[in-house]
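All of the numbers you see were taken from the coordinates with simple rules; none came from a lab. From a predicted model like this one, the values you see are computed outputs, not experimental measurements. We place every Cβ from the backbone using ideal geometry, glycine too, and count neighbours over all the protein chains shown.
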Amino acid sequence: MVMNEANAERFLPLKPQWFHIMLTLAGGEQHGYGIMQDVLSRTAGKVRLWPATLYGSIKRLIEAELIEESDERPAPELDDARRRYYRLTALGRDVLDGECERLQELVRAIQVNQAPSKQDQHVNQDDMVTE
Amino acid sequence: MNFAWRIYRRLAEAFPHEFKLAYGTEVTQLGQDVFQDIARRHGITGLIRLIADIAIRVPIEYLAEMRGDMRYALRALIKSPGFALVAIISMGLGIGLTTNVYSSKWAFLFRYLPGAANAPNLVMPDKPVSYYYVEQFREQKSLFSGVAAFQSGIPFNVTFQGGTSSKPERVYGQLVSPDYFSVLGVQPQRGRVLSAALDRAGDSPAIVISDRFWRNRLNSSPDAVGQILRLNGQIATIVGITPKDFNGALSIYSTELYVPNTVSAALAPELGDDLLHRRNAKEFMALMCLEPGVTIDSAEAALDAITRRLDAEDSSSPTRTDKGKRVTLLPAGTRVPIPRQLRPVLFGFFFALMGLVMTLACTNLANMLIARGANRRKELAIRLAVGASRFRLIRQMMAEGILLSMLGGVAGFVLAYGLSILNSRIVPPTGVPLENDFSLDWRAAVFAFGLALICGIGFSLAPALQATKTDVIPALKEGSTLRLPGYRRFGLRNLLMVSQVAGSLMLLLITGFLVIGIRKVSSTETKFDPNTMYLLSIDPVRDGYSPEKAQTFFEKLPDRLQTAGPVRSFALAGQAPFVLKDEDDAIQLTVDDSGAPSRIEQPVIEETVGSGYFDTLSESMLAGREFEESDQRIQTASQAVASKNASLPVVSSVVTPVATPAVLPVVMNETAARRLFGNENAIGKHVRDDNQSYEVVGVVRDLKSGMGIIQSVMYLPLTSRDFARPPAGGITILVRSDAGSDALSVVRNEIASIDPNLTIFNAQSLSDYLNSSRSAIRLATQTYGGIGVFGLVLAAVGLAGVTAYAVAQRRKEIAIRTALGATRAQVLRLVLREGGALVGVGTVLGFLGAMALAKMLSALTNIFVQALSVGTNNARLLVGAPLLLAAVGLLACYIPARRSAQIDPLRALREE
């Protein structure tokens, strides 16, 4: 467990493209085109993984053993024979969990930082009412 | 859009083979899927973005594969440390030596003066001229945008105002015309440079200092500009600092100060006798900046015509009726002005030298890689069989060669750095310190690593091509025991081996010629123990003495030294003994024999020596006599106006008629006497130069400078003129003493008792002086010797490697022969025959190449002629070097060949 955590931590922080690809695969196996479309829709068109960059990242994710090619195929009616499917490995899942936790901590830190200014606003409003 | 799609597909095919195999189809498919969508949503911008994405990704993937190749190569080399070490050392030696030659010689000769913006347009005549001529040249505005004059190697005794020590320091600089810096195009890093408008005669002296002077002597003080110094006892103000690395024109001499030649003669004794206005005083180097569009040839022709006219106008000029060219212009934008016709020769020489060294190192690397590649034949065959591309395998094999070469580059750079430190410690036997800061800069680093990369790529390609050019099926069947073509065919391996042997022998012979030749001609023979002679120099005039006071001092000094305990004999001279003078300083002497049908002219070097000089050196005269004290009292130069106040230096502003005697007595060395008078007795003969007639009163043997050059030397007597205007190295006192006595301290005390404020410098024994001045020779012979040994070692290593590989390849064949009854001796002979043939052919070619190269080098420069002519006549070297190389080569073949005789035939035949 500890070794896994140590292994996972060395990949953090994740590159943005890697994060998006792994986040898509967290929902299940997917092929390249599917990953691209999923990321596009999830980010409302803000992040587009271009083909060469996508497969370059997939290649490196496989070398890092964070994802692997899946030998299981979906149902024939959903399958596209031209495509190759990928899925997260156990290590990949740990790394993704670690990255998500890191991002959540960041968000918490931002919220804490912004909180006093919101409190100040409340105080000022109270003062105005009193006056 | 179709066009854009075609580009996309082409780029997709350009990916590295492995990436294409794994993801090529997906990338193309995905591109096709999104193409229309991107075109619709984002238009042409989107398509450009799509193509840019794949175009950027292609080289990234190649780089990623190269990184992988390098990691693989590094792992492979770690497993073969011996192989790696030999390859790195041989490449390191080659790159180190080459980088050293580049940074110390090539850059020295060919790089433009740093800080001088006009360097590409600068020219100078090959001979000094008078200032009058400089001013005439300056009028030629259609030819030159500026003409400056300068004198280099000028000593100044500098005292710092408010310094902790009142003792002056001897600093060397240049006397320059005020427009010097504008002609060069130099901007100061602080303050201002000299200018004709601001620095005129009679103004308070302003000087410019070098960056080195500012850093070393003023501790980079921010208040340096405006600081006051005393130069030769006179006040001067620093007005500016030159840029870093700028060392002035003709910057072989160390230059720390730039003093305008408008200062008084009290500050710069060189300007005495109204030097600037004397038409025949050829004491200045002229520096000209060509106008845009003016070529050096047209400027030379025009200047020649002008010089001819000026010479003709002067009825007293002895050269006014001379035929032939009067002026030769040299490009002056580099540290050493080189005649144009010599440039390609020098360029070719250094290129050839560096090329030879690198070729040896690289052919050795290539040979080792070929042998290593042959051992991996089976592995390569398997990889080819399962679909690896040949190009991919070649890249992987080249990665090893490139890595070895780059590691060799690191080792080479370290070696070059060490050699540059050694180079900077050379003290050549000249009076003025030379600028010998040859530290490596970023250019040398770029050169070293660029060379390593090019050699790595170039010399690992052929072995990689050879190793991967394999028939898969036979390789899989027979594996690494596949027999390669033997020595009868012109295989790559054999060609490389022969060229390596030939190159090594050439290097060995040439360096042997130089080492033996230099050693032989450069020995300095003294007839006494050099530890019993001491040299020290003083320069009273630059310590603030008037010429009369200086004269009085030198008249008093002999009496003091005569009574000093351990001093057996002493003499004064204008330079240290056994010094090498620049051939460019030679004056033209003519034999004064009006009855002769044609006059004999010879260049001779002048040296000034006092009475008893040769006796002090234990040199008996070959004919005639040496100088006596009466010769020393001859009036020569203009009379100085005596100063009432002894502390005020003399201002020599009035030109009085020169009181020269009709004839000056001179002593000649035997070479000068022979060249001027042949076998005739030189005593009583007369010679003359432009200004003076001489009578030969004595002939002495050649006192060798130790640099391998025999010069014609004429010795002039030291006179009051020399005391009034000492040369750049001051007046040298030679003192012979009893062995083991500290005569130096005694002499120092005697001088101090006359005047404790006189600066004594260059005080050392003759032995120390000879040692340090021979340091250049020592370094040269050590370097050449090292290069020769390097070639020998490389050849041996290469031969051993190739033979070992050949034995490994022929295991089966040898096993069959042994099984059929061949003896060990027969097997050994079979293996050695191949190596022996390569050594034989290489030796013959190397010998012929060495003799041809020696002839070529002799034609280039005097320095090589004498050393090489001695060396190439040395029978022991001519026979010994090839034999040595052959012996080493055969030994290198024999050791691995012995293993062939120990092959167990049963085991070898069972191997598959």
Taking Cα pairs closer than 8 Å and at least 6 residues apart, the relative contact order of the stretch B:234-377 in percent is 21 percent
Amide H partners (placed H, <5 Å) of B:G612, local residues excluded: B:F627
Between the modelled labels at B:N216 and B:L453 (7 Å from Cα along Cα→Cβ) the distance in nm is 3.6 nm
With an 8 Å Cα cut-off and a minimum separation of 6 or more residues, compute the relative contact order for the stretch A:2-103 in percent. 40 percent
Expressed in angstrom and rounded, the centroid-to-centroid distance over alpha carbons for the stretch B:234-284 and the stretch B:119-180 is 5 Å
Of A:K15/A:K46; A:K15/A:K59; B:K469/B:K812; B:K127/B:K685; A:K59/B:K20; B:K127/B:K325, which ones are farther than 18 Å apart at the Cα? B:K469/B:K812; B:K127/B:K685
Give, as a single signed number, the net charge of other residues whose beta carbon lies under 15 Å from the beta carbon of B:F349, with Lys and Arg counted +1 and Asp and Glu -1. +3
Between A:E5 and B:Q588, what is the label-to-label distance in nm when each label sits 7 Å out along the Cα-to-Cβ direction? 9.5 nm
May I ask you to compute the full-extension gain from B:R625 to B:D203, defined as 0.36 nm times their residue separation minus their alpha-carbon distance, rounded to one decimal in nm? 147.0 nm
Ranked from fewest to most other Cβ atoms within 10 Å of their own Cβ, B:Y258, B:Y102, B:Y534 fall in the order B:Y102, B:Y258, B:Y534
When only DSSP loop residues count, what trypsin sites (Lys or Arg not before Pro) in the stretch B:120-220 have their Cβ near at most 10 other Cβ atoms within 10 Å? B:K141
Place a +1 charge on the Cβ of each Lys and Arg in the stretch A:2-103 and a -1 charge on the Cβ of each Asp and Glu, then give the dipole magnitude about the Cα centre in debye, rounded to the nearest 20. 560 debye
I'd like the distance between the alpha-carbon centres of the stretch B:84-104 and the stretch B:1-80, rounded to an integer number of Å. 39 Å
Average beta carbon contacts from partner chains per residue of A:53-65, 10 Å cutoff: 4
Each label point is 7 Å from the Cα along the Cα-to-Cβ direction; what then is the distance between the points at B:A312 and B:N691, in nm? 2.6 nm
Peptides ranked, highest mean first, by Cβ atoms within 10 Å: ranges B:356-364, B:567-575, B:625-633: B:356-364, B:567-575, B:625-633
Of the GluC sites (Glu not before Pro) in the stretch B:49-153, those whose Cβ has at most 16 other Cβ within 10 Å and which sit in DSSP loop: B:E139
Please give the length that would be gained between A:A44 and A:A26 if that part of the chain were fully extended, namely 0.36 nm times their separation in residues minus their C-alpha to C-alpha distance (nm, one decimal). 4.6 nm
